[in-house]
Every structure is written in C-alpha cells, then in structure tokens.
Amino acid sequence: MQNIIKTMSTQNVTIIDYGMGNLFSIQSVFQKLGVNVTVSSDPQIISNSDKLILPGVGAFQKAMEELKKRNHIEAINEFVSKGKPLMGICLGMQLLFSQSEEFGLESGLNLIPGKVIRFHKPEENSLKIPHIGWNSINQPKNNSRTWDNTILKDLPYGTQLYFVHSYICYPDNKEYFLAETSYGSDTFCSVVNKDNIWGCQSHPEKSGSSGIRIYENFLQL
C-alpha cells in the first residue's frame, strides 16, 4: 500500500483549463489524495503530463471552440498517442466522442467513435431534463467486461454517483461501455473506456467516497 501511495504522490496530474469546467473542486480532491496536481491551459504542460483530466460544464460547441482556440486539441492528441491515461468528466466525457447533436451536429475530439444525443422525453412525468441528482451505474447488458483493473475497481454494481446533464453518450462499439445508467426510457453509457481513454458522465468529485475511489483508481492505472 505504501508503494501505491508513493506512486500516486509522485505523479504529475494536469486538469485542463479551457474556461469551461469545475476545475477547483476536482483539484481539491487530488490535493487531498496527496497528488501533484496542476490546473493549466499551457499545451506543453498538457502534453507532457503523466495523467490528464478533461473537465467540462456547459455547451459542447462552445467547449470545442475553446479547445481549438487554445491549441488544446493537438496537445490532447499528442498526450493520448503516448498511451498515458486521459479521463473526461461530464461534458469532458462527451467531448471525447466523434460528434454531438447539441445545437446541430458538432464534431468532437473523435477519440472514442460514437455520438452524443439529447435525452428522449422521460416516460415518467416526475422526471426532468436535465438529469440532476444521484443515480446508479451498472454493468452493461450483453457485455462481459468486469470492473477489475479499471477506474471502477472495488465499486459494486449499483453504486450511486451524482449526475448533472441533458445529453447522453453512445459509443459505436459496445465494448467501450464500462458502465451504464438508466433515466426514463434511456439507458446510456455513464462510464466509457477505450484503451487509455476514460470518461465519467457523472461528477466523481461530487459523489462522496465512491467518487474519490474513482479518482484513486485512475491514479493507480
């Protein structure tokens, strides 16, 4: 355990600052874990990090504009090409996908083939959009992947996490579904993984001990 803690504490984790994100609450979690964490908009710092967090709150199109304007897309692609772990949070997860239909079709980072669409109208009158609050993540149906050696390691199926979103992700390849969540008539990808790329639709930093565990697992990858 001491070796794990030492490895975590010596890592250089960067949270990408592109003007749209819940940056400092995420930073606070990593600081409490004793990790060297930097909030930066410098492309060189981003591409040279050990691990990278892409946060995000707001509109997909605006987020992509900001990433382009700050030369972050090239830095993210360079980072990913080195095989190092990247994790997108909420809108940051959606940006990993090929395209979003928010305000018309908009191209994303295309790191995970798939699309982002709006929730269908919830069948139950009591359900509202955006989806705000606690909901469970579960093992995807027709997918035999376990959560061992992933960012969900040691979390039980049905773990409750905190969500705030109006759009949902669907990878083209169902093997990229690491966890799924249901809301109304929609069952969507709530945790995604393709190689060294990870994404959480929920906000782990707002999800208590389960969310902290997700960040700890990310550090141990």
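Summing charges over neighbours of THR38, with a neighbour being any other residue whose Cβ is under 14 Å away from its Cβ, gives -2 when K and R count +1 and D and E count -1.
Within the accessible surface of the chain, defined with a 1.4 Å probe on protein heavy atoms only, the carbon and sulfur portion equals 47 percent. In this view, the solvent-accessible surface of HIS120, computed with a 1.4 Å probe and all protein chains in place, comes to about 100 Å². The modelled label-to-label distance between SER144 and LYS121, using points 7 Å beyond Cα along the C-beta direction, is 4.1 nm.
For the stretch 36-109, the extents of the C-alpha atoms along the principal axes are 37, 20, 19 Å, listed from largest to smallest. Computed as a quarter of the hull surface, the mean projected area of the alpha carbon convex hull for the chain stands at 11.3 nm². In the context of the full set of protein chains, residues of the stretch 117-221 present 45 Å² of accessible surface per residue (probe radius 1.4 Å, heavy atoms only). Computed from the Cβ-Cβ distance with R0 of 35 Å, the FRET efficiency linking SER98 to SER28 stands at 0.60. Only Cα pairs under 8 Å and 6+ residues apart enter the sum, and on that basis the relative contact order of the chain stands at 19 percent. For the pair VAL57 and LYS128 in one chain, pulling the backbone fully straight at 0.36 nm per residue adds 23.7 nm over the alpha carbon distance. Taking the Cβ of ILE15 as the centre, find all other residues whose Cβ is under 13 Å away and add up their charges (Lys, Arg: +1; Asp, Glu: -1). Residues near ILE15 contribute -3 overall. For the stretch 140-180, the alpha-carbon radius of gyration amounts to 1.26 times the rule-of-thumb value 2.2 N^0.38 Å expected for a compact globular protein. Annotation note: trypsin sites (Lys or Arg not before Pro) in the stretch 43-111 located in DSSP loop regions with a Cβ neighbour count of at most 12 within 10 Å are LYS82.
Remark: the stretch 1-116 carries 44 Å² of accessible area per residue (probe radius 1.4 Å; ligands, DNA and RNA excluded). Using the Cβ-Cβ distance between SER81 and ASN173 with R0 set to 25 Å, the FRET efficiency works out to roughly 0.80. Label reach from ASN71 (point 7 Å along Cα→C-beta): in the stretch 9-52, amide nitrogens under 13 Å belong to 41-47. Eigen-decomposition of the gyration tensor built on the alpha-carbon atoms of the stretch 129-221 gives equivalent ellipsoid semi-axes of 18, 17, 11 angstrom, largest listed first.
The values are calculated or read from the model by the stated rules, or taken from the named source; none is laboratory data. Quantities reported herein were computed from a predicted structural model and do not represent experimental measurements. Quick reminder, even Gly has a Cβ in these numbers, built from the backbone with ideal geometry, and neighbours come from all protein chains shown. Quick note on the areas: whole protein, heavy atoms, side chains included, nothing else; ligands and nucleic acids left out. Shrake-Rupley method; radii C 1.70, N 1.55, O 1.52, S 1.80 Å.
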